[in-house]
Amino acid sequence: MATQMREYILGVASDLFSSQGINATSVDTIVAKADIAKVTLYKYFKSKEQLILEYLREYDARLWRKLSEVTARDDISPKAKLGALVDAMMDWIADPEFKGFACTNASVEFPQSENPVHQSSLEFARNLRNTLTTLAREAGIKNADTLALQLSLVIEGAAITERTQRGTGAVEHAKCLAKIIINSSH
């Protein structure tokens, strides 16, 4: 029962953080939407910051579970796997429910570099670049770090553009650009 209540509160908070923004979502809003007492929220989460960090961890874990389906494949070449990973990221971005990468949004709302929320957000970017670098190295690409940075820029740029300018074809253009970058890498 305790785990269910914790997950319920986290789910309500996640929906609100995603749709309204983290700073715009007060604890009072969360407890009202969840129809619980404030003391119940604090029983499961010591602070709003802890709730935010758990929201970011859960989002990150969900995204990487999805992406691991691509990176774990043995039936395609490492270079094809790299392209498939970018395509999977673009498919995530193209989802009509996509409201930006939670970690990127959080880093904007918490710009102080020493803030734990900001630090958690940076971890997402590091994991993305590291995964792309690893796949590029496995594909035998000499400038794997450079390619990973270029692909990260394409992915993160597509995410921002798709969130702010739906219907512009940003995802399809980003997929094409990523293919060109990958295919021109040696």
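Side notes on the structure shown:
- Selection from region 1-20 of residues that are hydrophobic (A, V, I, L, M, F, W, C), outside any loop (DSSP other than H, G, I, E, B) and more than 18 Å from the chain's Cα centre (by Cα): A2, M5, I9, V12
- Exactly one residue among A2, A106 is touching a Phe, Trp or Tyr at 6+ places or on another chain (Cβ under 9 Å), farther than 30 Å from N183 by Cβ, of a type outside the set (D, E) and loosely packed, with under 13 Cβ neighbours inside 10 Å, and that residue is A2.
- Which listed residue, of A72, A61, A2, A24, is at pLDDT below 90, over 26 Å from I141 (Cβ atoms) and not polar (S, T, N, Q): A2
- Lone qualifier among L177, L153, L147, L122 - being in contact with a Leu (Cβ under 9 Å, 6 or more places away or on another chain) and not assigned by TED's automatic domain parsing to the domain that holds S18: L147
- Taken together, the residues in region 21-43 that are part of a helix (DSSP H, G or I), within 24 Å of the chain's Cα centre (by Cα) and buried (at least 18 other Cβ atoms within 10 Å of the Cβ) amount to 1.
- Residue match in region 164-183 (condition: farther than 17 Å from R62 by Cα, surrounded by 17 or more Cβ atoms within 10 Å (Cβ to Cβ) and polar (S, T, N, Q)): no
- A72 satisfies every condition listed in (1) assigned by TED's automatic domain parsing to the domain that holds L151; (2) over 30 Å from T168 (Cβ atoms); (3) buried (at least 17 other Cβ atoms within 10 Å of the Cβ) except (3).
- Candidates T131, T161: the one that is free of Cβ contacts under 8 Å to residues at least 40 places away in the same chain, surrounded by 17 or more Cβ atoms within 10 Å (Cβ to Cβ) and among the β-branched types (V, I, T) is T161.
- Scan region 16-42 for residues that are charged (D, E, K, R) and in contact (Cβ under 8 Å) with a residue 12 or more places away in the chain and the total you get is 1.
The values are calculated or read from the model by the stated rules, or taken from the named source; none is laboratory data. Quick caveat: nothing in here was measured; it's all calculated off a predicted structure. Neighbour counts run over all protein chains shown; Cβ positions are idealised from the backbone, glycine included.
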